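Written below as structure tokens is the structure these notes are about.
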Amino acid sequence: MSLREVRIYGDPVLRRKAKKVTKFDGKLKDLVRDMAETMHVERGIGLAGPQVGVQRRVIVVDVSAGKDPSQLMALVNPKIKWKSNKTCLIEEGCLSIPGVDAAVERPIAVEVEAQDTDGEDVKINAREMLARVIQHEIDHLDGILFTDKVVDGEKNKIEPKLKKLTQTVTSKT
Ligand code: CO
């Protein structure tokens, strides 16, 4: 296992659409293992392929943040099949956008179809925190960041922080 570098806001990889996974091989399992380890070390509750520079439709989620191994899940090619009309507004953060928290409105429940790392179909009925994290991570696979979705009143608050993050990334290259 090894840790992967988490890409930060401003890195173009975060804005690209990830490609469907077609090979369920050892490389995929290594990627998922590394992503889970990286997420836990960074104290995150979700991580998507593009966040570690991999343009593949893979996410890992653990709403227990490493406290309960049974909560860890890896979803390959996840798709939202249904979402509730009922939504809620909750503060989100993202390992790729350090220091920024803002409220995002999302459906409170979703039904997701995906595959596991062996290519077997899995179906998940997620509510509340789990539903929110899964939606946030699937957005990453389409190049969408939570900061794109923050409620109007909070946009001004986060704008200067985002600008600063972008400048940091630019100056590194
Ligand atoms: Co994120």
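The values are calculated or read from the model by the stated rules, or taken from the named source; none is laboratory data. Because the structure is a prediction, the values reported are computed rather than measured. Glycine also receives a Cβ, built like all others from the backbone with ideal geometry; neighbour counts cover every protein chain displayed. Remember, those area values only see protein heavy atoms, side chains included, never the ligands or the DNA or RNA. Shrake-Rupley method; radii C 1.70, N 1.55, O 1.52, S 1.80 Å.
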Pairs where the first residue, in the stretch 53-72, is within 25 Å of Asp11 (Cα to Cα) and basic (Lys, Arg) and the second is in a strand (DSSP E or B) and open to solvent by less than 50 Å² (accessible area, probe 1.4 Å), C-beta under 8 Å, 6+ apart: Arg57/Val76; Arg57/Asn77; Arg57/Pro78
Single unsatisfied condition, Asp30 versus (1) more than 16 Å from the ligand (Cβ to nearest atom); (2) under 13 Å from the mean Cα position of the chain (by Cα); (3) acidic (Asp, Glu): (2)
Residue that is farthest from the ligand (Cβ to nearest atom) [pool: residues in the stretch 100-111 that are assigned to a loop (DSSP other than H, G, I, E, B) and open to solvent by less than 60 Å² (accessible area, probe 1.4 Å)]: Ile108
For Ile90: the one exception among (1) farther than 23 Å from Asp11 by Cβ; (2) away from the ligand (no atom under 16 Å from the Cβ): (2)
Residue tally, condition in contact with a strand residue (DSSP E or B) (Cβ under 8 Å, 6 or more places away or on another chain), part of a loop (DSSP other than H, G, I, E, B) and within 12 Å of the ligand (Cβ to nearest atom), over the stretch 129-163: 1
Filter result (small (Gly, Ala, Ser), surrounded by fewer than 21 Cβ atoms within 10 Å (Cβ to Cβ) and assigned to a helix (DSSP H, G or I)) within the stretch 37-71: Ser70
Single condition Ala114 does not satisfy, out of (1) outside any loop (DSSP other than H, G, I, E, B); (2) open to solvent by less than 20 Å² (accessible area, probe 1.4 Å); (3) within 16 Å of the ligand (Cβ to nearest atom): (3)
Those residues of the stretch 1-15 which are more than 16 Å from Ile97 (Cβ to Cβ) and surrounded by 13 or more Cβ atoms within 10 Å (Cβ to Cβ), in sequence order: Leu3, Arg4
